[in-house]
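Only one structure is covered here, and it is reproduced in the block below.
Every read-out reported here was derived from the displayed coordinates using simple, explicitly stated rules and does not represent laboratory data. In this text the structure is predicted, and so the values were computed from the model without any measurement. Don't worry about glycine lacking a Cβ; one is built from the backbone with ideal geometry, like all the others, and counts go over all protein chains shown.
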Amino acid sequence: MTAAPTADNGTPPLEFFLSQLLTGLASASALFLVACGLTIIFGVTRIVNFAHGSFYMLGAYIAYSAITALGGGFFGFWGGVILAALAAGLIGVAMEMTILRRIYHAPELFQLLATFGVVLIVQDVALYLWGPEDLLGPRAPGLTGAVAMGSQRIPEYDIFLILFAPLVLGVLWLLFHRTRFGILVRAATQDRQMVAALGVNQKWLLTGVFFLGAALAGLGGAIQLPKGNAGLTMDLGIIAEVFVVTVVGGMGSILGAYLAALLIALIRVFAVANAGSSLLGIQLWQVELVLIFAVMAVVLVVRPWGLLGKRETLTGHHGAVEPPLLAAPAALKWFALAVLALLVALPGMAGTYSLVIATEILIFALFAASLHFLMGVGGVISFGHAAYFGLGAYGAALMVKHFAWPMEAALFAAPLGGALGALIFGWFCVRLSGVYLAMLTLAFAQIAWAVAFQWIDVTGGDNGILGIWPSSWAATTPAFYGLVLVVVIVMLLAIRRIAFSPFGYALRAGRDSPLRADAIGIDVRRMRWFAFTLAGLFAGVAGGLFAFLKGSVSPDLMGIPLSVDALVMVLLGGVQTLAGPLVGAVTFTALKTELVSLTNYWRLLLGLVIVGLVIAFPQGIAGFVRDRFMAKETRA
Amino acid sequence: MSAVLEVAGLSKSFGGVKAVSDVSFSLAAGELLALIGPNGAGKTTCFNMLMGQLRPDTGTIKLAGRDIAGLAPRRIWRLGVGRTFQITATFASMSVRENVQMALLSHHRRLLSLFADAGSQYIDDAMALLTLVGMEAQAERPCGVLAYGDLKRVELAVALANNPKLLLMDEPTAGMAPRERIALMELTARIVKERGISVLFTEHDMDVVFAHADRIFVLNRGRLLAEGTPQQVRDNALVQETYLGSGAMFADGGQ
Ligand SMILES: Nc1ncnc2c1ncn2[C@@H]1O[C@H](COP(=O)(O)OP(=O)(O)O)[C@@H](O)[C@H]1O
Ligand SMILES: [Mg+2]
């Protein structure tokens, strides 16, 4: 920690530090552009656009193709960059007009999901159009040289990037203060009622805002091209950092986004400049991401609304009132018993492949149920629930690999891993609410992912840990299936029991009316924190089982896509019923398995399904079913 | 007799607006004190400071001698203060009985119990409270479907669940028909007299106020305008001039 920043080649520390600083500032520019696009869109539409990283990625790809098509050169390069920004803007407009317009009044969670559907769609479209290989970015004509600074050489393009961000900031300032469009956008950001009062113009204002936001993201992707590549992982790669920048800067604040992007650049510099120093045996450069997220956590604890954001009076609930949570009627219990009997008899009837799928479905049912407990009972939306699934899996795998624990013991490490992670991350998360909380959970999941990815000595990095096999008695497919069946059923019953316990009631009380709950002695934040931990524990159990099912673990288990899978499962099944996540896990896993076997472009289809579902059932399938069928019952 | 509640120099402003300034009063055991004043006078803000939903800018709030200003609502509740809200706050996903059970579970410090069946705890106590407020027949209905007046009764039952020594009732009869108002206030007055609970309440219906309040406290633009027995307040020239004459006091409903 305390080692002075030195470089291997004996460069004076200050010069080295300055050159690192400039590199960091240059990299902050693209991040700022993307984040400020996201924050502008959020300010007016209140939609957190997951697909914003996709606009960034498309910007890079389109710029690549356009520059190539225009034959490079000064006009080719800058023409390509501008074309890319415009094209990204138009794609944003298309997304707004075809999808988002239909769901402006849907619950936040559904909006987030729809935009994630777009992420999946864009991934496969990009794969189809540009192929799986990264494309090396062309250099910017006229800016290929470097400027000497002492013994260090600063690339000219870096200097351009450093100046470009404040330039954009200035142009945006003029736009928002000197044009009618900009003044309307500002008014709409400050006062939601304003937007409604605008009447017909409102539609075009929202579309215009989407164009601007998406074009900024596309511009960000295009200008970073000379420093890097266009690749298929750019979208999710940047989105977590963009979330960090917007949340730290304050949602809706452009200047805040700029300051936060600079802050992150500085942390980078610190981490790189201290390369070689270590903290608890971990190289500092390895924990760069962790540092970034740690800073975010601190900012959010001190100023939950961000550096320059406005404190919002956060109402506890959005959308319709939750219906009563009722114990299942007798008929359903018989049905559940029948399903159970079928599950018990399954090994005698199904082949090995089907049994493996069934095992996976059971594990995901538990994973989804743990998330449902947090969301449905606790009213806490997590966008990073895979973190605890992954921590459970790694908890078990690490014990097997480093301490040669047998499966039976390792399976106890799994819930501990999940619960411990959730205990720590949850402490921060429950301080926020709504989309802020959701974004923070996602950011923490990315920390966990980054640690698993970067701490190679312990976690095996990208390759993960292999050779996590069950004990011999559980080694056959039917035997392992039996083990999973027993564990999952016990856990599901426990979750159900807790939902109807005084603790479960207290959680629901905090969800229904935080005001009343507080006024009858319930510490809502503490209840949520415990719920977070419990949900992490159950997700950890699922992760541990999953590790032994697959025989390995990898950072993917903590990735954003798996978190989203769990959300889709919960929403498919419906948030209102305890059986929902089970139905959702079966439907989703079966659907995904089918799609994956059908085509290489399963992401595209899955994305279309998600978007279609959200548009068709903006209140969720269960909400739809309830409104459709239950309405009759209450009337009768 | 020492005061149950002693408030001194209480102030709160929002931005530039002085919602409550320099308010002082005290409340004796078993006393019903009415806080009246036009909409926007600062009544709800006073309640929010007394129960901890808002932190006062200045001033002390002594509950049985202990300063509770700035404590969280849940702590103040544990010290024996119950509250009903101007805009009712109940748990919509629970039945009427479960709403009361929730308060009882909290009162008996059972909130972290993970495996007990919440619905079968303290049923008798809950039903007794519901009977007290005349809601026993609707015990199994979800709170989300109740009429507004019934919700106010549920809130009263919930507020009584921890045997409070002080009850804060912000417009307990708002949204009710006149007959219902009188009935609910009579019920409240009877319960609190039996149990020796002190009550601070706001109310727009002057008949109700003059019928049940032991003392009245008039708030105007955040300041104490007058204080006294119903008769004294009725005769107070300043009050008459400012309100009773203009009819503003009789303006119905909340904001
Ligand atoms: N949370 C708040 N933020 C800003 N102003 C508030 C807030 N709560 C109350 N006020 C203002 O304080 C004043 C008193 O309001 P309130 O206490 O609700 O009055 P009453 O309950 O007597 O009708 C009003 O001017 C109101 O607009
Ligand atoms: Mg009021």
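Rounded to the nearest 10 degrees, the inclination of helix A:180-190 to the longest alpha-carbon principal axis of chain A is 40 degrees. Counting lysine pairs in chain A whose alpha carbons fall under 27 angstrom apart, excluding pairs fewer than 8 residues apart on the same chain, gives 4.
Ordering B:ILE182, B:LEU151, B:VAL192 by the projection of their Cα atoms onto the charge dipole of the stretch B:143-193, which places +1 on the Cβ of Lys and Arg and -1 on the Cβ of Asp and Glu, puts B:VAL192 at the extreme positive end.
Listed here are the pairs B:LYS12/B:LYS152; B:LYS43/B:LYS193; B:LYS12/B:LYS43; which of them are more than 18 Å apart at the Cα? Don't jump to the answer; show the numbers that get you there.
On the way: B:LYS12/B:LYS152 27 Å; B:LYS43/B:LYS193 24 Å; B:LYS12/B:LYS43 12 Å.
Over 18 Å Cα-Cα: B:LYS12/B:LYS152; B:LYS43/B:LYS193.
Here A:ILE154, A:ILE62 are placed in order of increasing Cβ neighbour count within 10 Å, fewest first, which gives A:ILE154, A:ILE62.
Please arrange A:GLU133, B:GLU171, B:GLU180 by counting, for each residue, the other beta carbons lying within 10 Å of its beta carbon, fewest first. The partial results should precede the final answer.
Details: A:GLU133 10, B:GLU171 23, B:GLU180 17.
Fewest-to-most ranking of A:GLU133, B:GLU171, B:GLU180: A:GLU133, B:GLU180, B:GLU171.
For the stretch A:491-569, the equivalent ellipsoid derived from the Cα gyration tensor has semi-axes of 31, 14, 10 Å, listed largest first. Relative to the dominant Cα principal axis of chain A, helix A:254-273 is inclined by about 90°. Report the Cα centroid-to-centroid distance between the stretch A:477-513 and the stretch A:387-433 in angstrom, as an integer. The distance from the Cα centre of the stretch A:477-513 to that of the stretch A:387-433 comes to 18 Å.
If R0 is taken as 30 Å, the Cβ-Cβ distance between B:ALA128 and B:GLU186 corresponds to a FRET efficiency of 0.95. Take each residue in B:92-99, count the other chain C-beta atoms within 10 Å of its C-beta, and the mean is 6. Once a ≥ b ≥ c are taken as the square roots of the eigenvalues of the Cα gyration tensor of the stretch A:344-418, is the result rounded (a/c under 1.5), prolate (a/b larger than b/c) or oblate (a/b not larger than b/c)? Oblate, because a/c is 1.5 or more while a/b does not exceed b/c. Cα centroids of the stretch B:93-145 and the stretch B:7-47: 32 Å apart. Dimensions of the stretch A:21-302 from C-alpha coordinates, computed as largest minus smallest value along each principal axis and given longest first, are 60, 50, 38 Å. Axis angle, to the nearest 10 degrees, between helix A:602-616 and the longest C-alpha principal axis of chain A: 80 degrees.
Please say if the stretch A:1-150 is rounded, prolate or oblate, where rounded means a/c under 1.5 for a ≥ b ≥ c the square roots of the C-alpha gyration tensor eigenvalues, and otherwise the choice is prolate for a/b larger than b/c and oblate otherwise?
Details: a/c = 2.55, a/b = 1.54, b/c = 1.65.
Oblate is the answer for the stretch A:1-150, as a/c is 1.5 or above yet b/c matches or exceeds a/b.
Let me know the shape class of the stretch A:449-496, please: from the alpha-carbon gyration tensor, a ≥ b ≥ c as square roots of the eigenvalues, rounded when a/c is under 1.5, otherwise prolate if a/b is greater than b/c, or oblate. It is oblate, given that a/c is not under 1.5 and a/b is not larger than b/c.
Dividing the radius of gyration of the alpha carbons in the stretch B:3-252 by their Kirkwood radius gives 0.97 for Rg/Rh.
Would you mind pulling out the separation of the Cα centroids of the stretch A:335-374 and the stretch A:214-254, in Å? Taking the Cα centre of each part, the stretch A:335-374 and the stretch A:214-254 sit 40 Å apart.
Computed over chain A, relative contact order equals 20 percent, with contacts defined as Cα pairs under 8 Å that lie 6+ residues apart. If you take the charge dipole of the stretch B:1-154 about its Cα centre, with +1 on Lys and Arg Cβ and -1 on Asp and Glu Cβ, which of B:CYS46, B:MET127, B:LEU33 is farthest toward its positive end? The residue sitting most towards the positive pole is B:CYS46.
Dipole orientation for chain A: of the candidates A:ILE363, A:ILE162, A:PHE500, A:PHE500 has the Cα lying most toward the positive pole (charges on Cβ; Lys, Arg +1; Asp, Glu -1). Taking every pair of alpha-carbon atoms in the protein assembly as shown, give the share separated by more than 39 Å as a whole percent. Tail of the P(r) past 39 Å holds 49 percent of the pairs. Taking the number of Cβ atoms within 10 Å of each Cβ as an exposure proxy, the fewest-first ranking of B:GLU203, B:GLU241, A:GLU288 is B:GLU241, A:GLU288, B:GLU203.
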